Amino acid sequence: VIRASLAIAALVAGASPPVRARPRQDAIDRPTDTHVTLVPGLWHDDVLKPGEGWHRYQFTAAETGVIAFQMRAPAAQADLWPYLLIMEAPNHHRKWAGVGNRRTNLCEVIVEVEAGKRYDVIATSQQNTVLAAGGRQRTDGPYTVAAVPIQLTHRGDRP
Amino acid sequence: MKSSANLLCAFASCLAACDAVGGMQGVPPSAVPVALSTEAQGARPELAQPNDLSVLYPLATSQAAFERGYLTPASPGLGGALLPAAVYERAFGPPGTLQLGGTPAAPALAGLRMVAFRLDPCFARTPATPDAACENQLRVVFQTLRFDGTQAIAADDAVHAFYTLRRDQLVAAVQTSIALRRKHAGDQRRLGPLAPHPILVEQGLERELAASFNQLVLQLAGARNLGRITQVTASGLGTAWNFSGVDVANGVTSRMTIPTVPAGTTTVAFFAGFSPGQLTGQPAFTPATEAAAADDLQLLGDVHRAARAPAADRQRAFDATFRIEDPALHSPNTIDCASCHLAQAVRVMVGEAAFHLAGSAPELQGEAAQRPASAPADRDVNVHMFGYKGKIASVHQRTINEVAAVTAYVNATLLR
């Protein structure tokens, strides 16, 4: 169920809660917590490794507004297509997911956030979202992730 | 190069941004002459040249030179290690500790090598600063270096350590540096514009001059008089730079106050975006500056944002780059680290390349006016104002301006 919901290579809202069938190595129901809190405008570098293919970050909105969560990997890195999953914490009752542009290897998920709310930002690669049951995560490579405040205008422009 | 900005009286360097004391934009330019002429300096070899006062070491070209030519944080200086590990750890956490927002840990001490040092008789001086209030200072520039088998290569990071000197120590150090130049190159030698020290380049780092410079630094600097540490690291897969620093007093560290940004800001950052050769970061500067409009260059941090702005705003931001690089107008006490370190990049990559803007820079004389030729490969953002990015030596215009002012002051005041 999880894999099916995550395989959607676009923006997804209101996906079903994860099903905890059996312990998994590292996936949506048990990502590796990085203990990193994203700060608007600052970029955090990390590396996805086999067995640690889902990295979780925290983000708390200081004010109500719009955040573009971004993840990028080197464009030549064909085995790491950035994939972001944003969830309201702690209940995880809303989700937004997106897969990166495979040419630029840049993924952006735009979320309207509420002041004071905490969000889990889960970074992985699209390859990890479509693994067959029990499949081994093979993603291995660097990426960078950020929470970027933006302002949407009626024309869709950025400031 | 046609303004009347006074470069005689203000010395500063931007990775040192410290206690905010307000902007200097209201200070009128002075008509005081800038520097002794090249002819006068040439006739008096006992006077200082820019490369006597700010010494950039060349990148080692042998393993032996790499291992023996550079000082390290652990090198024994005044009252202890040049950059004590305990103080560094108090400042930035144990090795590997991430900084704000998961930005990279401060560079590991183990990989740092001293690539430059700078003597400054009046750090962050403004035209209003009396001589008696001058802070005499030695700054040591560390970068992470590795040797690739043929040459040393610098990582895209830096740590600056600032040491407080007495005036007599500063004068003696200047005289020692001049004496070393005369000893190794004679009285007629002009070292030219700021660059990797020409005699060090000729001799290599295994010879006497490098050892003498290193000895000079170790006699002047160490745990006893360390007053500040600043650092920059890269993130965003090499597209973002994060600046922070601490003040040090008796080994106790406290976060440095960064001017022109919201109170409490401890880290400032610049994001170049993911388009090579272009500045497209959104936002480019974090946090946004609170500087006066005349000193706000941040519009030029993103070429798309600049394109949407009125031409007058672009020109004002472009002119701000020159103001920020003018030590008579700005010092680390008046402008944030990111604006200072990116002034040259945004001016060249956006102001000049994208919008063909032109403006006025402070007028320099003699060797100070000779800007080192840009390396052909150096088209990307380079935040190193006196150091290296990879194999490329980097000397920013701001540093050239500062050293011109320092040289003039030293020759007119200390060595007369």
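The values are calculated or read from the model by the stated rules, or taken from the named source; none is laboratory data. From a predicted model like this one, the values you see are computed outputs, not experimental measurements. Methodologically, a virtual Cβ is constructed for each residue, glycine included, from the backbone with ideal geometry; neighbour enumeration extends over all protein chains shown.
Descriptive notes on the structure:
- Residue within the range B:67-79 that is at pLDDT 95 or above, in a strand (DSSP E or B) and over 23 Å from the mean Cα position of the chain (by Cα) present: yes
- Only one of the numbered conditions (1) under 22 Å from B:Y57 (Cα atoms); (2) among the basic types (K, R); (3) without any contact (Cβ under 8 Å) to a residue 60 or more places away in the chain is not met by B:R166, and that is (1).
Condition check ((1) within 14 Å of chain B (Cβ to nearest Cβ); (2) in contact (Cβ under 8 Å) with a residue 12 or more places away in the chain; (3) among the charged types (D, E, K, R)) across all residues:
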{"residue": "A:T64", "(1), (2), (3)": "no, yes, no"}
{"residue": "A:A73", "(1), (2), (3)": "yes, yes, no"}
{"residue": "A:Y83", "(1), (2), (3)": "no, yes, no"}
{"residue": "A:N101", "(1), (2), (3)": "yes, no, no"}
{"residue": "A:G141", "(1), (2), (3)": "yes, yes, no"}
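- The range B:87-112 - residue that is part of a loop (DSSP other than H, G, I, E, B) and hydrophobic (A, V, I, L, M, F, W, C) and, of those, farthest from the chain's Cα centre (by Cα): B:L98
- With a requirement of 3 or more residues that are surrounded by 23 or more Cβ atoms within 10 Å (Cβ to Cβ), the strands (runs of 3 or more DSSP E) lying completely within the range B:147-259 that satisfy it span B:158-165, B:226-235, B:240-249.
- Qualifying residue in the range A:51-60 (condition: touching a helix residue (DSSP H, G or I) at 6+ places or on another chain (Cβ under 6 Å), away from chain B (no Cβ under 13 Å), crowded, with 17+ Cβ neighbours inside 10 Å and not β-branched (V, I, T)): yes
- Hits in the range B:335-351 (condition: without any contact (Cβ under 8 Å) to a residue 60 or more places away in the chain and not aliphatic (A, V, I, L, M)): B:Q344, B:R347, B:G351
- Among the residues making up the range B:284-321, those that are of a type in the set (A, V, I, L, M, F, W, C), crowded, with 20+ Cβ neighbours inside 10 Å and assigned to a helix (DSSP H, G or I) are B:L299, B:L300, B:V303, B:A306, B:A317, B:F318, B:A320.
- The range B:260-282, subset surrounded by fewer than 15 Cβ atoms within 10 Å (Cβ to Cβ) and away from chain A (no Cβ under 14 Å), residue farthest from B:S331 (Cα to Cα): B:G277
- Cross-chain or 6+ apart pairs with Cβ under 9 Å, the range A:15-39 first and modelled with pLDDT of 75 or more, then among the hydroxyl-bearing types (S, T, Y) and in a loop (DSSP other than H, G, I, E, B): A:V39/B:T103; A:V39/B:T267
- Any chance A:D120 is of a type in the set (D, E), more than 14 Å from chain B (Cβ to nearest Cβ) and part of a loop (DSSP other than H, G, I, E, B): no
- Filter pass, B:F271 being more than 29 Å from B:A85 (Cα to Cα) and of a type in the set (A, V, I, L, M, F, W, C): yes
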